[in-house]
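The values are calculated or read from the model by the stated rules, or taken from the named source; none is laboratory data. These figures come from a predicted structure and were not determined experimentally. Note that we place each Cβ from the backbone using ideal geometry, even for glycine, and neighbour counts take in every protein chain shown. Heavy atoms of the whole protein, side chains included, go into the accessibility calculation; ligands, DNA and RNA do not. Shrake-Rupley method; radii C 1.70, N 1.55, O 1.52, S 1.80 Å.
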Amino acid sequence: MARKTKRKTKAEKKAREQRLAKISGVLFGLLGIYLLLAFVSYFFTWQVDQDAVLRLSWSILFDGSVTVTNWLGRLGAVVSNLFFYWGFGVGSLLFVPLLFHIGYQLIKQIPIVRSVQFYQQTFLVICFISILSAFIFQNFGFPWGGTFGNNICYWLSNFVGQVGLSILILFSIISWVIWRYNPAVETLSLGMPAGLGSITMPTLFRFRIGERRSGSKKSPSSGKVDDNGNEEQSGVATLRPSSPLTDNNDGLGLELDLSSDVVGEPKVTPKQRSATPKPADLTLELPETMVGEPSQDGATPFEEVALEGFGVKPNPNAEIIEKRVSESNLEMIPKDEKINPDLLIEQQNPEDQEPFDPTKELSRYTPPTLELLEQYEDQKFEIDRAELEANKDQIIRSLLNFKIEIIKIRATIGPTVTLYEIVPAPGIKISKIKNLEDDIALSLSALGIRIIAPIPGKGTIGIEVPNKKPQIVSFHEVIKSEKFTTAKMDLPLALGKTISNEVFVVDLAKMPHLLIAGATGQGKSVGINTIISSLLYKKHPSQVKLVLIDPKKVELFPYSQINKHFLAYLPNEEEPIVTETSKVIYTLNSLCIEMDERYDLLKKARARNLKEYNQKFRDRKLNPLNGHKFMPFIVLVIDEFADLIMTAGKEVELPIARIAQLARAVGIHLIIATQRPSVNIITGVIKANFPARLAFKVTSKIDSRTILDAGGADQLIGRGDMLLSVGGNIVRLQCAFVDTPEVERIVDYIGNQQGFPEPFFLPEYSGEEGGNAKSLDIKDLDDMFWDAAMMVVSNQHGSTSMLQRKLQLGYNRAGRIMDQLEALGVVGESQGSKPREVLYFGEQEVLQLKERLLNG
């Protein structure tokens, strides 16, 4: 009874699954019909509905006041616009038969897994039709190729030109025909011996099964006999003609032949056959070592191929363990039995492979040597005890003049500044000592006196006094220090020395961004060179990439020699160092795209940050076929930020703020320098996202507070003297000095070594093109006309598609606005697929035009 109940339960479960599959199949079929009606309607209604769909986006579905003309209502208008305009254009029509096919398989209880290859091929055809349609109809208003086809064609036409794109499309079509149908181009006579007649190459190779391992126990006759009279084992199974081929090819028989050589001429057997044997008459026995357990010689067992559909019977004593075949065998397997190659890759055991080494491609790369740097041996560190005693006595005397007694005083000597720590007598207010800053400076006849009251973590008050004979902190001395050479940091920066004469090394990856400010000539450029050189000495080219922006055009140009080692920039750029403001905007937005792409990869890999992701990739836990790759750190360096803010404003500030807020986890870090630390340059948005700030000497206390949120930068002595604020703690440093000839020797040393085949290109970021002019009535200006005019003039790019994208307008409305801009002289005439020439050069001209029209 229990067995019957169990059997009945299984039957009910199977019946339920069949019903659900049939219902799902009907649903997919109806969805296909729905899409078909929506798509057909779109051809007639797109011009009327597109403006409302683009303007309201998904909210149109919930706005009952909006009227559309699509046969299937608002949902039909949104869905068809999604597939055609934002998707694949006319290629989207193939989604309809795809849905029908899925529905048919579900109804007929056919496993969908068997048609994975069919779905892949259909999707590739959809992509190709989208690209081909965008190429043929690129100057038409209807979205023939959709956003996908238009973007691919735009990128390819810029990369290889229109002629090159035509050749690529023609090559793709010819390649597909050859791959799909394999036309018999080898039908020419091969000059066979008399009696064989004319036989073609397809006849010889059509029945080839593929290579097998040698060592079979039994095989049909191969025409070769060993010394013992036994037939030799073979590695290739082929079906050969078994009878002489006459001119009419009557009575063609097939005989199974196992030979170790590639099939050359057909084997003619003396035995004539009058009829072709049925497939069931052919049998093939595979040796036992090909399946099941490994053979004694350690060879990997060959895994059985399903050949029953071709009349080939497997060995009944062999256990079939898995259906997995090589490329040469795929032709002999029924279509439904083909194996997805991706599954084979994912099933590999990562423990059997060596960890991925990102430095292997440039395994011979050697970092710069210390011999490239100046040592400044004549600038040895010396202690002037007379100066120390004089300063100590003068500090004590100055404090006693204001009735301030001290209990203890000690000195810490640095390369350029000496720190005197004092312990005041009980009852002395700290504020009273701090207010004597100028009086102590006067008594010591020194500039740059700075009082730290109290010193964090100590019960003392610090008085920093500049040395009369400051010492140069050479970059050579900092780089060779044990603190830098043994640093286990992601992005180590050797900034210089502290006032206690200790080398100071910090990790940029933990800052995570650095803001540098200071007056002209106080050491900012040297500080940037020190930071970049630190990375060049410590990291391999595969581990870090630099994006260098230099509006002054003269500071960072030496680094262009290492563009194939350490630099990253936009494709199709002649210079790797970004100097023009328009290209700066493109570069920053390109970094935003790179950041978003990296976050997508981290999400797929279930990693929280770049370090975890790269470790998984090194351990080969991520499949490159799924888009995964090793990602280096990216450091963006901007030498003069104030110039960019004055010329581009929000277009620069917003992407920088976005990168600073989000890019830390994906390994993108910013270093921004400016000589104008005013509040309109270093805005609240910038300061909030740059917790690490480096201040060289500035001219006022206001500038010091703008940078550090504290005073002190106005009291520095210049020439590399700086304050670093990280997490609220301020440290005084002397920047390591690296001269321009040293930088040139470093980049020459790196540039002369083998680099990557091509530089590290950032994702492409550019505007779209298009638009045609028509006549218009000047008095009937569109409500969005002035917004469009400001956008076109500020971007110096006039195209209808840009207005569609940025103002969320339909094609017709954007075209009318572009015609109005042409009529009023804001843009020039249409130039085909190229953007229109913008005739206004500033927003002030647009405001003057608006005032002139309003005043009549």
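Annotations
- Accessible area of the range 39-148 divided out per residue, in Å², using a probe of 1.4 angstrom: 50 Å²
- If you plug the beta carbon distance of F756 and V726 into 1/(1 + (r/R0)^6) with R0 = 25 Å, you get a FRET efficiency near 0.15.
- Sparse-neighbourhood loop sites, GluC sites (Glu not before Pro) in the range 362-457 - DSSP loop, at most 12 other Cβ within 10 angstrom: E377, E382, E405
- Distant-in-sequence amide H partners of V827 (H built 1.01 Å from N, under 5 Å): E822, L839
- Efficiency of FRET from Cβ geometry, E580 and L854, R₀ 35 Å, rounded to 0.05: 0.50
- Measuring only protein heavy atoms, the 1.4 Å probe finds D384 accessible over about 80 Å².
- Whole-Hz ³J(HN,Hα) from phi, Karplus 6.51 cos²θ - 1.76 cosθ + 1.60, for the range 591-605, glycine and proline x: 5, 5, 5, 4, 4, 5, 5, 5, 5, 5, 5, 4, 5, 5, 8
- Accessible solvent surface per residue of the range 615-743, calculated while the other protein chains remain in place, 1.4 angstrom probe, Å²: 38 Å²
- Taking θ as phi - 60° and the Karplus parameters 6.51, -1.76 and 1.60, the scalar couplings of the range 38-52 work out to 5, 5, 4, 5, 4, 4, 9, 10, 5, 5, 7, 8, 4, 4, 5 Hz in sequence order, x denoting glycine and proline.
- Potential lengthening between D739 and F137 on full extension [0.36 nm per residue; Cα-Cα distance subtracted]: 211.0 nm
- Within the range 409-498, trypsin sites (Lys or Arg not before Pro) in DSSP loop having at most 13 other beta-carbon neighbours inside 10 Å: K429, K458, K468, K488
- Applying 1/(1 + (r/R0)^6) with r as the Cβ-Cβ distance of I396 and R608 and R0 = 35 angstrom yields a FRET efficiency of 0.05.
- Derived scalar couplings ³J(HN,Hα) [the range 68-75; Karplus, 6.51 cos²θ - 1.76 cosθ + 1.60; whole Hz; x for Gly, Pro]: 10, 9, 5, 4, 9, x, 5, 5
- Per-residue SASA remark: L824, around 30 Å² accessible (1.4 Å probe; ligands, DNA and RNA not included).
- When the trypsin sites (Lys or Arg not before Pro) in the range 529-586 are filtered for DSSP coil states and for at most 14 other beta-carbon atoms within 10 Å of their beta-carbon, the remaining sites are K552, K553.
- Chain lengthening between K14 and L75 when straightened (0.36 nm per residue, less Cα-Cα): 18.3 nm
- Per residue, the range 469-611 exposes 39 Å² of solvent-accessible protein surface, assessed with a 1.4 angstrom probe and all protein chains in place.
- Convex hull (Cα only) mean projected area of the range 778-856, reported in nm² to one decimal: 4.7 nm²
- If the segment from W86 to S175 were pulled out straight at 0.36 nm per residue, it would be longer than the present Cα-Cα gap by 29.2 nm.
- Note on W58 and Y119: the model spin-label points, each 7 Å out from Cα along the C-beta direction, lie 2.3 nm apart.
- Taking amide H atoms as placed 1.01 Å from N in the peptide plane, the amide H of H669 lies under 5 Å from those of I634, V635, L636, each 5 or more residues away in sequence or on another chain.
- Note that the range 24-120, at 10 °C in a medium of 1.306 mPa s, gets a Stokes-Einstein diffusion coefficient of 111 µm²/s from its Kirkwood radius over C-alpha pairs.
- Simple spin-label estimate for D596 and F44 in nanometres, 7 Å along Cα-Cβ: 3.7 nm
- Inter-probe distance in nm under a simple model that places probes 7 Å from Cα toward Cβ, at V26 and Q375: 9.0 nm
- For R450, the residues whose modelled amide H falls within less than 5 Å of its own, excluding neighbours fewer than 5 places apart on the same chain, are E464.
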